[in-house]
Amino acid sequence: MENKPGVIITKVDWQHLKNGTAHHTQEYTCSELVVRRGQLFNITLDLNRVLDREEDLIFTVETGPQASEALHTKATFQTAELEVNNTWTAAKGAQTENTVTISLISPPNAVIGRYLLSARASSRRKHSDRKLGEFVLLFNPWCPEDDVFLDSEEERQEYVLNDSGVIFRGVEKHIRAQGWNYGQFEEDILDICLSILDRSPSHQDDPATDVSHHHDPVYVTRIISAMVNSNNDRGVVQGHWQGKYGGGTSPLHWSGSVAILQKWFKGRYKPVKYGQCWVFAGVMCTVLRCLGIATRVVSNFNSAHDTNENLSVDKYVDSFGRTLEDLTEDSMWNFHVWNESWFARQDLGPSYNGWQVLDATPQEESEGVFQCGPASVTAIREGDVHLAHDSPFVFAEVNADYVTWLWNEDESVERVYSDTKKIGRCISTKAVGSNSRVDITELYKYPEGSRKERQVYSKAMKKLLSMDTWVRRTKIRRAGRQCLWRDDLLQPPCKPSITGKFKVLEPPVLGQELRLAFCLANLTSRVQRVQVNLSGATILYTRKPVAEILHESHPVRLAPLEEKTVPVSISYSQYKEDLTEDKKILLAAMCLVIKGEKLLVEKDITLEDFITIKVLGPAMVGVEVAVEVLVVNPLLEAVKDCVLVVEGSGLLQGQLSINVPSLQPQERALVQFNITPSKSGPRQLQVNLVSSHFPDIKGFLVVHVITAK
């Protein structure tokens, strides 16, 4: 009987197109095959001869340094019957004279990352494995056995595959959408996202053990929340909140994650300057969608930054309602942006599966690192603040009381009547399938003031009291360095005998005078004399004051049940030098009833701007089409050296910069340029008018690209 030569694998076909389509990974622009765990994929092997019936192929997969079966980073298995379980399996399929199709399935809890695949025939025991090449394995929201499974195709399309979106910014009464290019399928982005995991301190300390934990979305997302900021490591983005951005890029100039991630990668992991909350959230959304975890961006308006986790934001003001920064440790941001990712919480139990809060903005340390989450949204709503990770901080962001204290000249303090329930309003995210805003506040808390909401608040307070570190945080700092226990001071003052509000008389437009009225009403049947102290300041979106632009006082006499108005006007010349790129102004009215109570009324204003975008014709893959942008100089003075910055995944390569001719005062001008779409479907085109004379004016348009016939 003639001895047959041993089986030799001469070539491998990874079937990129078929596997990519089946695994929803065909958009990734990398040379390796990209597949998702817990799902079958096929490869075709060219052999030097036909396999005998009794011959099997033995495969080895391994990932990370020092891969081992004990750490579940290496597996050796031979062709047999296919099944989805906690081991790798393979099966022989169709054979021709010199080829065989192999089907492989990874466990639905396999470690994600870049794998090396090797193989040999069972008849070649003395021969080493043939290295077939590398492939990338991702989380799989389409696999019911995967912890990240999401049981809605529409939501998977939105939260995993959509490469653009909107982020909501502004103030509670004036919410605006900003376009953001996630670009998770763009060139090098998958490699960069995997390298973020490899650059983490946990990986540097013990790479083999770290990689072995990459099967767990709780572990991976927490690592990413730390690595997107640069505070404890050479992470991706360096935060900056001072309003001056020398040596870097203003956070408001970014329109997407791709340029940031590529700059970090090409700059040998040097943190990119600069980011603020929406930038951190946009980048984190890109990374997690790229790795296969359903993720969305969430905006919380009037977001508490409770530094001592006592469920109270304590603000100290002077007699004009101006914040005393040296005394005020807590803050309430106009808005704060974080992420939610969808996965099961094996560490907490099935009641807490679903959306999990993750926050890459470096606000407070958690376990010695600037990271936050994952915190179960269900746990936040139910007041289960004892559960991992960082639930007390997130609970406070949406539930803390907003308490105002008047600092008197004798260094005493007294509670001022103000709206204590203004924290955690209009919690928003992008709708599935459109750019509409969806209010998801009810996912985080029960209706404000309801019996259930008060019960949850009380439950959370009791759980915090039982936590070891909380007792020493329950004191309120006072100007005279005295400390009082919360219960001594937190009783709200009596409802005042007056009421007040700011009324905007004309839309607040960048470059023009602001005209408002402060309306003051007497709620009693007696005459009241009130001292109205008005102040105004340009602010950052964190409500940190930059410069005072208004300071005036008005004595007001109110007859019984009378209402009077105090006119308020701020000229452009008063605010233009100190307006930040946030385009925000905070007005305050401290109303001091003579021989009576104090009332503080605040008004946050965002100045409006204008830009429109129009595509002049049908948008088709590979066909050039013109775009027309209408820009307006918002100022009452001529400006020059304006630049239009354009970007959009699938619409153009990288960024396009176009010089805009000089613009006369309030002049409108049309700017045209061409784009050549490279991908079909809805694509987001972002346009940013940049000028040294005024803050950026941003706009975006969804372009529906069709395949050319």
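The values are calculated or read from the model by the stated rules, or taken from the named source; none is laboratory data. All values reported here derive from a predicted model rather than from experimental measurement. Note: ideal-geometry Cβ built from the backbone for every residue, glycine included; neighbour counts use all protein chains shown. To get the accessible areas, we keep the full protein, side chains included, count just its heavy atoms, and leave off ligands, DNA and RNA. Shrake-Rupley method; radii C 1.70, N 1.55, O 1.52, S 1.80 Å.
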How would you rank 153-160, 183-190, highest first, on the average number of other Cβ atoms within 10 Å across their residues? 183-190, 153-160
Report the charge-dipole magnitude of the chain in Debye, nearest 20, computed about the Cα centre from +1 at each Lys and Arg Cβ and -1 at each Asp and Glu Cβ. 980 debye
Between SER569 and SER31, what FRET efficiency comes out of the Förster formula 1/(1 + (r/R0)^6) with R0 = 41 Å and r the beta carbon distance, rounded to 0.05? 0.05
With 17 Å as the cut-off, how large is the P(r) tail for region 244-305, expressed as percent of Cα-Cα pairs? 46 percent
Where Lys and Arg each count +1 and Asp and Glu each count -1, what net charge lies around ILE570 among other residues with Cβ under 10 Å from its Cβ? 0
Candidate lysines - alpha carbon under 25 Å from LYS270, same-chain residues fewer than 8 apart omitted: LYS244
Candidates for Cα Rg over 2.2 N^0.38 Å are (1) 1.11; (2) 0.98; (3) 1.04, and the calculated one carries label (1)
Heavy-atom accessible area per residue of the chain, all protein chains kept, 1.4 Å probe, expressed in Å², is 42 Å²
Could you pull the accessible area for LEU261 with a 1.4 Å probe, rounded to 10 Å²? 0 Å²
Return one number: the angle in degrees, 0 to 90 and rounded to the nearest 10, between the long axis of the Cα atoms of helix 189-198 and the longest principal axis of the Cα atoms of the chain. 80 degrees
When each pair of different Cα atoms in region 540-690 is counted once in the 1/r mean, what is the Kirkwood radius in angstroms, to one decimal? 19.7 Å
Measure nothing but the geometry: give the 0 to 90° angle between the long axis through the Cα atoms of 277-291 and the longest principal axis through the Cα atoms of the chain, rounded to 10°. 20 degrees
Take the Cα pairs of region 333-461, get the Kirkwood Rh, then feed it into Stokes-Einstein at 25 °C and 0.890 mPa s and tell me D in µm²/s. 151 µm²/s
Difference of contour (0.36 nm per residue) and Cα-Cα distance, ILE594 to ASP13: 200.6 nm
Unit charges on C-beta of K, R, D, E only; dipole of region 587-709, Debye: 340 debye
Residue pairs, from the table LYS263/LYS430; LYS74/LYS131; LYS422/LYS598; LYS430/LYS709, whose Cα atoms sit over 21 Å apart: LYS263/LYS430; LYS430/LYS709
Between TYR219 and GLN157, what is the label-point separation in nm under the 7 Å Cα-to-beta-carbon projection? 3.5 nm
Provide the solvent-accessible area of TRP241, counting protein heavy atoms only and rolling a 1.4 Å probe, rounded to the nearest 10 Å². 50 Å²
Stretchable slack from ASN109 to ARG529, in nm (0.36 nm times residue separation minus alpha-carbon distance): 144.2 nm
Within the under-13-Å Cβ sphere about VAL690, not counting VAL690, Lys/Arg +1 and Asp/Glu -1 give a net charge of -3
Per-peptide average of other Cβ atoms within 10 Å, ordering 344-350, 399-405 highest first: 399-405, 344-350
Are there GluC sites (Glu not before Pro) in region 64-145 that DSSP marks as loop and that have at most 15 other Cβ atoms within 10 Å, and which are they? GLU69, GLU81, GLU83, GLU97, GLU145
Quick one: helix 451-466 against the long Cα principal axis of the chain, what's the angle to the nearest 10°, folded into 0 to 90? 80 degrees
Return the loop-located trypsin sites (Lys or Arg not before Pro) in region 582-614 (DSSP other than H, G, I, E, B) with at most 15 other Cβ atoms within 10 Å of their own Cβ; answer none if there are none. LYS595
Distance in nm between pseudo-label sites at THR676 and LEU327 (7 Å out along the Cβ direction from Cα): 6.5 nm
Net charge near TRP241, counting Lys/Arg +1 and Asp/Glu -1 over other residues with Cβ under 12 Å of its Cβ? +1
In deg cm²/dmol, rounded to the nearest 500, the helical mean residue ellipticity at 222 nm of the chain, built from -39500 (n - 2.57) for every DSSP H run of length 4 or more, is -4000 deg cm²/dmol
Hey, with R₀ at 22 Å, roughly what FRET efficiency would SER412 and THR499 work out to, going by the Cβ-Cβ distance, to 0.05? 0.30
At most 12 other Cβ atoms within 10 Å and a DSSP loop assignment: could you name the GluC sites (Glu not before Pro) in region 500-607 that fit? GLU577
Could you order TYR269, TYR28 so the one with the most accessible surface comes first? Probe is 1.4 Å. TYR269, TYR28
Multiply the residue separation of LEU116 and LYS462 by 0.36 nm, subtract the distance between their alpha-carbon atoms, and state the gained length in nm to one decimal. 119.4 nm
Given the candidates MET590, THR99, ILE498, the one whose Cα lies deepest towards the positive end of the charge dipole of the chain, counting +1 at each Lys or Arg C-beta and -1 at each Asp or Glu C-beta, is ILE498
Could you name the lysines whose alpha carbon sits less than 20 Å from that of LYS4, not counting residues in the same chain fewer than 8 places away? LYS126
Ignoring everything but the protein chains, give the 1.4 Å probe accessible area of LYS459 in square angstrom, nearest 10. 70 Å²
Region 619-677 - charge dipole about Cα centre, Lys and Arg +1 at Cβ, Asp and Glu -1, debye rounded to 20: 20 debye
Largest first and in whole Å, give the semi-axes of region 609-675's equivalent ellipsoid, each being the square root of 5 times a Cα gyration tensor eigenvalue. 26, 12, 9
So if we plug the beta-carbon distance of GLN78 and THR420 into 1/(1 + (r/R0)^6) with R0 = 56 Å, what FRET efficiency do we get, rounded to 0.05? 0.25
Using the alpha-carbon centroid of each, what span in Å lies between region 240-315 and region 412-467? 23 Å
Label point at THR707 placed 7 Å out along Cα→Cβ; residues across region 22-51 whose backbone nitrogen lies under 17 Å: 22-28
